[in-house]
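A.B. asks: Here's a structure for you.
The values are calculated or read from the model by the stated rules, or taken from the named source; none is laboratory data. Note that the structure is a prediction, hence the values are computed from the model and not measured. Don't worry about glycine lacking a Cβ; one is built from the backbone with ideal geometry, like all the others, and counts go over all protein chains shown. Heavy atoms of the whole protein, side chains included, go into the accessibility calculation; ligands, DNA and RNA do not. Shrake-Rupley method; radii C 1.70, N 1.55, O 1.52, S 1.80 Å.
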Amino acid sequence: MKFPKRKFEPQSIGKVLDEIVQSKGLKDGITNAKVQELWFQVLGDHMAHYTEKIRLSGDTLFVSLSSAPLREELGYGKEKIIKMINEELGESLIKKLVLR
């Protein structure tokens, strides 16, 4: 019995992993984890004491903070925070930041 030959073209590991992520619906979870990591990277590790929850929904980043004065202060720099996180992501993913 002869089996037909499969046509195989070499692909980079990155491309294969991207295809797996896309096919398994993992992209949203990975993006959410990366945005959470970038929040602390951009704003500093000290934010861990005040940040209760970070969630990306569509193009809106929701961040729950335990400090009202900090929430007020960060509210003045929302556009700058969005710009810095998007630059780190390498794409304009976040359009709006909601501080709670």
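A.B. asks: Check 77, 90, 29, 14 and return the single one that is open to solvent by less than 100 Å² (accessible area, probe 1.4 Å), on the phi > 0 side of the Ramachandran plot and of a type outside the set (A, V, I, L, M, F, W, C).
C.D. replies: Of the residues listed, the single one that is open to solvent by less than 100 Å² (accessible area, probe 1.4 Å), on the phi > 0 side of the Ramachandran plot and of a type outside the set (A, V, I, L, M, F, W, C) is 90.
A.B. asks: Given the structure, is residue 56 closer than 16 Å to residue 94 by Cα and in a helix (DSSP H, G or I)? Let's see the steps before the verdict.
C.D. replies: On the way: closer than 16 Å to residue 94 by Cα: yes; in a helix (DSSP H, G or I): no.
When the stated conditions are applied, residue 56 does not pass them.
A.B. asks: Out of segment 37-52, which residues are exposed (fewer than 14 other Cβ atoms within 10 Å of the Cβ) and in a strand (DSSP E or B)?
C.D. replies: 52
A.B. asks: Then there's this: When both residues are 6+ apart or on different chains and their Cβ atoms are under 7 Å apart, which pairs have a first residue that lies in segment 53-73 and is open to solvent by 50 Å² or more (accessible area, probe 1.4 Å), and a second that is aliphatic (A, V, I, L, M)?
C.D. replies: 59/93; 59/94; 71/65; 71/99
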